[in-house]
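Asks: Here you go, one structure.
The values are calculated or read from the model by the stated rules, or taken from the named source; none is laboratory data. All of these numbers come straight from a predicted model, not from anything done at the bench. Cβ sites come from the backbone with ideal geometry, for glycine too, and all protein chains shown count toward neighbours.
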Amino acid sequence: LPAAAPDPVALRAALRSALANGAPGALARVDDNGRAHRLAEGLADRGTKRAITAEDRFRIGSVTKTFTTVVLLQLVDEGVLKLDDPVVKHLPGALPDKRITVRHLLGNRSGLYDYTNTLFARTVSGFEAVRNKVFTHRQLLDLSLAKAATGSPGGAYAYSNTNFVVAGMLIEKLTGTSTGTAYRERIITPLKLADTFYVHPDTALPGKHSRGYLTSDGSGTSLVDATRQTASWAQSAGAIISSARDLNTFFSALLRGELTSAARLTQMRRWTAVNSTQGYGLGLRRRDLSCGVSVYGHTGAVQGYYTYSFTSGDGKRSVTSFANASNNAAVLNTLPRTLEAAFCGTQAT
Ligand SMILES: C[C@@H](NC(=O)[C@@H](C)NC(=O)CCCC[C@H](NC(=O)C[NH3+])C(=O)[O-])C(=O)O
């Protein structure tokens, strides 16, 4: 289906809807065969009243999972490990269940319990308890292993940050460098992603960035400024900082086959059903849109920062949208509308 042209009116309406639902600011950037559409609505900073721009940097949360996956798939291409290797082959003793493979981790099919369910059962107090903490990968994994598995390896899709913490442990073990170094050497520098950083455990976002506002639980609409945190609870599962331009470049390059071998990209796009219109491959989400177009990318949710970043199957059209709010389902639900506007060109309902 030739995708309709992006609809900037529908895109702006979606961003305004994010504001109407409580986000102080929102932005979107569409890169369509070299033509950029850049939109921004509201504030980057409620204190200074600075308006948000499409160039503001932000915490990308779980979009980090695709960066982590690309590094591991490059290591598979280099013959350093195999997707069907048991994790414990490379990390002896790390997991009690020796059946869990690298592919299970990257496909969210390991059954490992997601420790963030423990950390953030209470949103604001949970965040305040960890915002300045520095965790080792091992400490995060131990939080997960303290709870029973949620399923058997290779079973149904079950989202778990733990999988990508273990993936980060694999990267550090197999490359002998930090995940930050691996991101820089293998993705950020080659693609010239000038707005993309892995600063863990530093709490500051480099350069011009949006502040992030965490909505408290319950009916209260009070917002907590969550901008400065170590994001150490997330690390290789969610601690990268980037921009709409850089994420569009990243996902376009990925789907064009510029970051891994064709064989590995094919494996990345082998889908486990999430629901009737979404699949999860390896560190990659597929979303089927109302106009019959499927798009590929990832979503992110870190305190104060919601991100959607998706590209067309041929990588020729990409959109990244962001709102500086979180723990706010109404705001989160406005972001899929930016995909409809960008790829289906409809005035999304
Ligand atoms: C969903 C997204 N996942 C991520 O980006 C990862 C890094 N984030 C989480 O797992 C949610 C952490 C809690 C956020 C907090 N929520 C609470 O604390 C709820 N009690 C908030 O909304 O800021 C993805 O993969 O698509």
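Asks: Going through the stretch 121-146 one residue at a time, which ones are closer than 18 Å to R99 by Cβ and of a type outside the set (A, V, I, L, M)?
Replies: Correct list: S144 only.
Asks: Moving on. What about S243, is it among the small types (G, A, S), at pLDDT 95 or above, under 18 Å from the mean Cα position of the chain (by Cα) and closer than 17 Å to G61 by Cα?
Replies: In short, yes.
Asks: In addition: Within the group A28, A51, A4, A13, which residue is away from the ligand (no atom under 16 Å from the Cβ) and in contact with a Cys (Cβ under 8 Å, 6 or more places away or on another chain)?
Replies: Answer to the check: A4.
Asks: How many residues, within the stretch 116-139, are within 12 Å of the ligand (Cβ to nearest atom) and part of a helix (DSSP H, G or I)?
Replies: Final tally of qualifying residues: 12.
Asks: State yes or no: is A156 touching a strand residue (DSSP E or B) at 6+ places or on another chain (Cβ under 8 Å), assigned to a loop (DSSP other than H, G, I, E, B) and of a type in the set (A, V, I, L, M)?
Replies: yes
Asks: Additional query: Give me the pairs: first residue in the stretch 213-240 and farther than 21 Å from H298 by Cα, second residue among the aromatic types (F, W, Y) and not in a helix (DSSP H, G or I), beta-carbon distance under 6 Å, and six or more apart or on different chains, which are they?
Replies: L223/Y213
Asks: Consider S318 against the criteria (1) buried (at least 24 other Cβ atoms within 10 Å of the Cβ); (2) touching a Leu at 6+ places or on another chain (Cβ under 6 Å); (3) over 30 Å from G218 (Cα atoms): it satisfies all of them except one. Which criterion is unmet?
Replies: (2)
Asks: How many of the residues making up the stretch 196-228 are more than 17 Å from N324 (Cα to Cα) and either in contact with a Pro (Cβ under 7 Å, 6 or more places away or on another chain) or not in a loop (DSSP other than H, G, I, E, B) (or both)?
Replies: Residues in the stretch 196-228 being more than 17 Å from N324 (Cα to Cα) and either in contact with a Pro (Cβ under 7 Å, 6 or more places away or on another chain) or not in a loop (DSSP other than H, G, I, E, B) (or both): 2 in total.
Asks: Here is a list of conditions, (1) loosely packed, with under 15 Cβ neighbours inside 10 Å; (2) out of contact with any Ser or Thr (no Cβ under 6 Å at 6 or more places or on another chain), and V88 meets all of them except one; can you say which number that is?
Replies: Answer for V88: the failing condition is (1).
Asks: Quickly run through the stretch 45-81 and pick out the residues that are surrounded by fewer than 24 Cβ atoms within 10 Å (Cβ to Cβ), of a type outside the set (D, E) and assigned to a strand (DSSP E or B).
Replies: Residues satisfying the conditions are R50, A51, R57.
Asks: Taking only the stretch 1-32 into account, find how many residues are assigned to a loop (DSSP other than H, G, I, E, B), surrounded by fewer than 21 Cβ atoms within 10 Å (Cβ to Cβ) and modelled with pLDDT of 95 or more.
Replies: Adding up the residues that qualify gives 2.
Asks: Restricting the stretch 207-218 to residues that are within 22 Å of G42 (Cβ to Cβ) and either surrounded by fewer than 24 Cβ atoms within 10 Å (Cβ to Cβ) or away from the ligand (no atom under 13 Å from the Cβ) (or both), which is modelled with the lowest pLDDT?
Replies: S216
Asks: Are any of the residues in the stretch 173-180 over 18 Å from H90 (Cβ atoms), surrounded by fewer than 22 Cβ atoms within 10 Å (Cβ to Cβ) and modelled with pLDDT of 95 or more?
Replies: Yes: one or more hits.
Quick grid of which residues meet (1) in contact (Cβ under 8 Å) with a residue 60 or more places away in the chain; (2) touching a helix residue (DSSP H, G or I) at 6+ places or on another chain (Cβ under 7 Å):
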residue: L15; (1), (2): yes, no
residue: G25; (1), (2): yes, no
residue: D31; (1), (2): yes, yes
residue: R35; (1), (2): no, no
residue: L39; (1), (2): no, yes
residue: A51; (1), (2): no, no
residue: A54; (1), (2): yes, yes
residue: I60; (1), (2): yes, yes
residue: T68; (1), (2): yes, yes
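Asks: Hey, any hits in the stretch 226-235 for a residue that's of a type outside the set (A, V, I, L, M), over 16 Å from V130 (Cβ atoms), surrounded by 19 or more Cβ atoms within 10 Å (Cβ to Cβ) and within 13 Å of the ligand (Cβ to nearest atom)?
Replies: no
Asks: Would a scan of the stretch 180-194 turn up a residue that is under 20 Å from G304 (Cα atoms) and outside any helix (DSSP H, G or I)?
Replies: Among the residues of the stretch 180-194, not one is under 20 Å from G304 (Cα atoms) and outside any helix (DSSP H, G or I), which makes the answer no.
Asks: Here is a follow-up. Condition first: surrounded by 16 or more Cβ atoms within 10 Å (Cβ to Cβ) and closer than 18 Å to A239 by Cα. Now tell me which residues in the stretch 124-142 satisfy that.
Replies: Result: G126, F127, V130, R131, F135, H137, L140, L141.
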